[in-house]
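The values are calculated or read from the model by the stated rules, or taken from the named source; none is laboratory data. Not measured: the values here are computed from a predicted model. So basically every Cβ, Gly included, is an ideal-geometry build from the backbone, and we count neighbours across all protein chains shown. Please note that ligands, DNA and RNA were not included when accessible areas were found on the heavy atoms of the full protein model with its side chains. Shrake-Rupley method; radii C 1.70, N 1.55, O 1.52, S 1.80 Å.
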Amino acid sequence: MSQLLVLHNSLNPENSASRAMTEAYLAQVRAADPAVRVIERDLAADPLPHLPPAILPAMFGQTVQPGPEAQAAALSDRLIAELEQADVIVLGAPLYNFTIPSTLKAWLDYVVRSGRTFRYTEAGPEGLLPPGKRVLVFTASGGVYSQGPAAALDHLVPYLQAVLGMIGLTQVEVVRAEGMALPEAQQARAQAITQAARLAA
Ligand SMILES: Cc1cc2nc3c(=O)[nH]c(=O)nc-3n(C[C@H](O)[C@H](O)[C@H](O)COP(=O)(O)O)c2cc1C
């Protein structure tokens, strides 16, 4: 039995392409393994707070005082535990202003933690999450960024690869629903949903 961590981030879940990809993937996974355990967080509907100043000691492995410091550290601990337990992490990631939604950034800020999910070495940062986890990024954008004139403006896929790699999540697979604001949107969306569902195989 495997465990999934699913993070939704679309502001528009009823019409969301990234959400539809995520649901198509989940449907296939559940059909193949009805016992699969899934933790879902809708970070758009229920956003995490920005990091508060009180979290600084926890972020650098220092002694945490009872009160606000302990509360902030506890939220980070909980989110990291969800990540550690997951075999597959599914990130629904609409492109907002050329990058990830701030809701997903807030989650990353809690889980990228020195001494817990990465450490600094002489050779640079080293990821501490157990190896073998798979990350699926289901992203959607109004324009096209995988190729063409806007490719240099894609600060979503390269950023996620970099920050996830830093904590040891190096197996990142990306499915893009691109051109959602373009005339071929329906076809591109359908293709992306099919591609996402296939990742469950
Ligand atoms: C706040 C906001 C910012 C956006 N910024 C961009 C952008 O920079 N580039 C782009 O191509 N589309 C942009 N879009 C369009 C979305 O990426 C597109 O609607 C996508 O389908 C959203 O994902 P979803 O369908 O999963 O909700 C933006 C949409 C919103 C709401």
Number of the condition not met by Ala70 [criteria: (1) of a type outside the set (Val, Ile, Thr); (2) part of a helix (DSSP H, G or I); (3) touching a Lys or Arg at 6+ places or on another chain (Cβ under 6 Å)]: (3)
Ser18: assigned to a helix (DSSP H, G or I) and open to solvent by less than 50 Å² (accessible area, probe 1.4 Å), yes or no? yes
Subset of region 14-54 [free of Cβ contacts under 8 Å to residues at least 40 places away in the same chain and touching an Asp or Glu at 6+ places or on another chain (Cβ under 8 Å)]: Ala54
Scan region 159-201 for residues that are under 23 Å from Leu83 (Cβ atoms) and either part of a helix (DSSP H, G or I) or among the aromatic types (Phe, Trp, Tyr) (or both) and jot them down. Tyr159, Leu160, Gln161, Ala162, Val163, Leu164, Gly165, Met166, Ala196
Starting from residues that are of a type in the set (A, V, I, L, M, F, W, C) and out of contact with any strand residue (DSSP E or B) (no Cβ under 6 Å at 6 or more places or on another chain), keep the ones in region 108-135 and report whichever is farthest from the ligand (Cβ to nearest atom). Ala123
Among the residues of region 36-58, write down those that are buried (at least 19 other Cβ atoms within 10 Å of the Cβ) and in a helix (DSSP H, G or I). Ile55, Ala58
